[in-house]
Amino acid sequence: MPITVRLDVMLAERKVKSKDLAAHVGITEANLSLLKSGKVKGVRFATLEAICKYLDCQPGDLLRYEED
Amino acid sequence: MNNKLLSLTLLKWIIWFSITLIITFNVWIWVDPSALSHLGAEKRLIDNYGGISGMVLWQRIAGFVVDALPAGLLIAALASLIGLIRQLEAGNWFAEASERALARVGHLMLWYLLASFLNDTLLVLIATATNPPGERALAISLSSDTVLGLVPALMALVIARMVRLAREQRDELNQIV
């Protein structure tokens, strides 16, 4: 898929653990792991908003469009 | 037990009762037709051609077999409905098994309608088979019951399709975090 998720990069840059982010956003670690690996069909705006708020970033920092 | 489960249990009992009634009625009408003098469309139809009591043994057996075919299909459809109710009791509303059970009900009901349509024709053929040439009959009948039977059959097939679409949507929603 041309949309890639860069959440793992942002987590590393912010030195935030997946477990803490999952707890703050209110999703399971399993779902966060799926999101990090890009194995999801979509992200709710509410989830995206909570992630951006916690990591202090923009949606564009988490998602990237790359031509196939 | 909550009301939803209670109503499903009640439905199961109604289905079991219907199955028992269908079997009893179909066996009884061919074994002892005099006991059911005012019941049974088949019996009334055959009465016009000499009645069941005037049939020889092979005609009775053949008549029973011809009558048993739609009855068997109806029983199979009802049994599939019990399977569906069990799925619902387990909370598997959108499960593949529920969809399969519903589709099976729809298909069996369509076969039942076809068998019912041919039933009268075959019964009259059997009833008049021993008549001398020229007195044998061929009847083709299409009752409003047969046409109305299409409604539950097609409804079951449409609902089966809806269950599939609902399951696909649920699966897709589960992949959105």
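The values are calculated or read from the model by the stated rules, or taken from the named source; none is laboratory data. Quick caveat, the model's predicted, so the values are computed rather than measured. Please note: Cβ atoms are built from the backbone with ideal geometry, for glycine as well, and neighbour counts cover all protein chains shown. Only protein heavy atoms, including side chains, enter the accessible area calculation; ligands, DNA and RNA are left aside. Shrake-Rupley method; radii C 1.70, N 1.55, O 1.52, S 1.80 Å.
Which is within 9 Å of the chain's Cα centre (by Cα), under 21 Å from residue A:66 (Cα atoms) and within 14 Å of chain B (Cβ to nearest Cβ), of A:5, A:40?
That would be A:5, the only listed residue that is within 9 Å of the chain's Cα centre (by Cα), under 21 Å from residue A:66 (Cα atoms) and within 14 Å of chain B (Cβ to nearest Cβ).
Residue by residue through the range A:15-37, note down the ones that are in contact with a Lys or Arg (Cβ under 9 Å, 6 or more places away or on another chain), more than 11 Å from chain B (Cβ to nearest Cβ) and of a type in the set (S, T, N, Q).
Scanning the range A:15-37 gives a single hit, A:18.
Return the pairs, sorted by first residue and then second, in which the second residue is among the polar types (S, T, N, Q) and crowded, with 17+ Cβ neighbours inside 10 Å, the first residue lies in the range B:61-72 and is under 12 Å from residue B:115 (Cβ atoms) and in contact (Cβ under 8 Å) with a residue 60 or more places away in the chain, the beta carbons are less than 7 Å apart, and the residues are 6+ apart or on different chains.
So the pair list comes out as B:66/B:119.
Out of the residues in the range B:128-144 meeting the condition of being over 24 Å from the mean Cα position of the chain (by Cα) and open to solvent by less than 50 Å² (accessible area, probe 1.4 Å), tell me which one is farthest from residue B:58 (Cα to Cα).
B:137
Out of the range A:34-68, which residues are in contact with a helix residue (DSSP H, G or I) (Cβ under 7 Å, 6 or more places away or on another chain) and loosely packed, with under 14 Cβ neighbours inside 10 Å?
A:41, A:58, A:59
If you check residue B:95 against the conditions, is it in contact with a Lys or Arg (Cβ under 8 Å, 6 or more places away or on another chain), surrounded by fewer than 18 Cβ atoms within 10 Å (Cβ to Cβ) and away from chain A (no Cβ under 14 Å)?
Taking the combined requirement at face value, the residue satisfies it.
Check residue B:166 against each of (1) surrounded by fewer than 17 Cβ atoms within 10 Å (Cβ to Cβ); (2) modelled with pLDDT under 90 and name the one condition it does not meet.
Unmet condition: (2).
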